[in-house]
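For reference, the structure discussed in these notes is given below.
The values are calculated or read from the model by the stated rules, or taken from the named source; none is laboratory data. Computed from a prediction, not measured in an experiment: that's the story for all the values here. Methodologically, a virtual Cβ is constructed for each residue, glycine included, from the backbone with ideal geometry; neighbour enumeration extends over all protein chains shown.
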Amino acid sequence: MNPPLFISWKRYQRRSDVLAEALGAELVWRPHRATSKVLRPSDYLAHSREDLALIRSRRPSFVVAQAQPHLSALAPHRAKVPYVVDAHNGQFQSWWRKVPGTERILRGARLVLTHNREADVLAREAFPGLRTLVVHDPLRPIAPAAPRDWVFVVASGAADEPMDVLFDAIEEAAEITFATTAPLHRLPEPLRQRAAALPNLIGLGFLDLPDYEAALAGARAVVVLTDRDACQPSGACEALSAGRPLVLSRTNTTTNLFGGFATLVANESAALAAGVRAAVRPDPTVAGRIAAVREAWVRRTALELEQVRSAVAAEVAR
C-alpha cells in the first residue's frame, strides 16, 4: 500500500507538518504564487491540476487536505481517492463555509478533522451530520536552546491577533525585551510605525525552522494572543513542545487546553504586561506542570490519531 499524501496550500504551517509526520504521510506544500487575492483563484486552479497529477502518479492510500480552503480536497475528490480534510477554524467561522461546493467536498471526506471540542461544535452546526473527529495538534519535541534574554511573541499579523494590545503591553513593560518573527513590515502603517518606535521589541524577520525553534526554546517566556473563539493556537502548542512558560489570551478553549500551565490573560495591555512579568519570574513548579500537561496531551493525541488511521483503513478496505 502506498503511503498517504498530505496537501497543504501554504508556505508552511506547523500543524500540517507535525500531523503529516504523525500519520506517516508525504507532505506537499503549495505556497501561493499570486500575491494579490484577486488573482488567487488562478493559484487554486494551478494547485488543483498539480495535485490531481500527483495523486494519479503516486496512487496514495489516502489523502489529507488542509482547509481552508476546502478546495485543497478537490483533487482527491475528483480522483475518487479516500480523503480526510484537516479543517482549520476559518473553514467554519468565515465566508469559506458558504463558498459553492464546500458542503459537497466536506461531506465527501471520510473524516473532517477539527482542532478542539468547541471547533467541532461549530463544524456540526454549520453542516449538520458531518463526520468529524477532534484531533488536537500532535506535539513534536523542540530541543532546549541557549537562553536568550527575551520574551518570544508568536504572531503572524493575522486578523485575530490584537497587535495594538501587544504593542501597548510591550511599551508598558519597558524593562523586558521582546522578540518576534511576525512580518512587522506588512502591518498597517500606524502599527508599523509603533513597532519601529519600540526600543524593547526586536523584529527577527523570517527564520528557518531550526532557527525559529531555537529562538522560541531559548526564550524566557512565550506570548500568544488571539481574540477568536474556539482557536487552538499553534504557538501555544510550540511553547508546550519546548517546555517554555506561556502567556496566552484567555478564552474557554485556551483555558480548557492550556490552563494547567499557562498564564491566561485578558486581551488588555495592563493584563498582558502583568502576565508577562509573572511568567518571567522564577517558579520552581512550572517545569513540572508543563511536563504533566505535555504527557497528557501526547496520550490523547495518540488515541485520536489511531482513530484517524482506523477510519481510513476501513474506507480503503471497502
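Points worth noting:
Yes/no matrix, rows are residues, columns are (1) touching a residue at least 40 places away in the same chain (Cβ under 8 Å); (2) under 16 Å from the mean Cα position of the chain (by Cα); (3) assigned to a loop (DSSP other than H, G, I, E, B); (4) on the phi < 0 side of the Ramachandran plot:
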| site | (1), (2), (3), (4) |
| --- | --- |
| 2 | yes, no, yes, yes |
| 7 | yes, yes, no, yes |
| 34 | no, no, yes, yes |
| 38 | no, no, no, yes |
| 53 | no, no, no, yes |
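- Within segment 18-29, the set of residues being in contact with a strand residue (DSSP E or B) (Cβ under 7 Å, 6 or more places away or on another chain) and without any contact (Cβ under 8 Å) to a residue 60 or more places away in the chain comprises 20, 25, 26, 27, 28, 29.
- Only one of 278, 262, 311 that is touching a helix residue (DSSP H, G or I) at 6+ places or on another chain (Cβ under 9 Å) and not hydroxyl-bearing (Ser, Thr, Tyr): 262
- Among the numbered conditions (1) modelled with pLDDT under 95; (2) exposed (fewer than 13 other Cβ atoms within 10 Å of the Cβ); (3) among the hydrophobic types (A, V, I, L, M, F, W, C), the only one that residue 311 does not meet is (2).
- Residue in segment 88-96 that is modelled with pLDDT under 95 and over 19 Å from the mean Cα position of the chain (by Cα) present: yes
Per-residue answers, yes or no, for (1) surrounded by fewer than 16 Cβ atoms within 10 Å (Cβ to Cβ); (2) outside the structural domain of residue 268 (by TED's automatic domain parsing); (3) of a type in the set (D, E, K, R); (4) more than 30 Å from residue 17 (Cα to Cα):
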{"position": "168", "(1), (2), (3), (4)": "no, no, yes, yes"}
{"position": "173", "(1), (2), (3), (4)": "no, no, no, yes"}
{"position": "179", "(1), (2), (3), (4)": "no, no, no, no"}
{"position": "182", "(1), (2), (3), (4)": "no, no, no, no"}
{"position": "187", "(1), (2), (3), (4)": "no, no, no, no"}
{"position": "194", "(1), (2), (3), (4)": "no, no, yes, yes"}
{"position": "197", "(1), (2), (3), (4)": "yes, no, no, yes"}
{"position": "206", "(1), (2), (3), (4)": "yes, no, no, no"}
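- Scanning segment 25-46 for residues that are out of contact with any helix residue (DSSP H, G or I) (no Cβ under 6 Å at 6 or more places or on another chain) and modelled with pLDDT under 95 yields 31, 35, 36, 37, 38, 39, 40, 41, 42, 43, 45, 46.
- Subset of segment 80-109 that is charged (D, E, K, R) and surrounded by fewer than 19 Cβ atoms within 10 Å (Cβ to Cβ) - its residue that is nearest to residue 58 (Cα to Cα): 80
- Of all residues in segment 127-141, exactly one satisfies the criterion of being among the hydrophobic types (A, V, I, L, M, F, W, C) and within 17 Å of residue 242 (Cα to Cα), namely 139.
- Candidate set from segment 254-270 (those that are in a helix (DSSP H, G or I) and touching a residue at least 40 places away in the same chain (Cβ under 8 Å)); member that is nearest to residue 136 (Cα to Cα): 257
- Residues (out of contact with any strand residue (DSSP E or B) (no Cβ under 9 Å at 6 or more places or on another chain), farther than 26 Å from residue 115 by Cβ and either not assigned by TED's automatic domain parsing to the domain that holds residue 174 or not polar (S, T, N, Q) (or both)) located in segment 274-318: 277, 281, 282, 283, 284, 287, 288, 317, 318
- Test: residue 240 is in contact with a Lys or Arg (Cβ under 8 Å, 6 or more places away or on another chain) and assigned to a helix (DSSP H, G or I): yes
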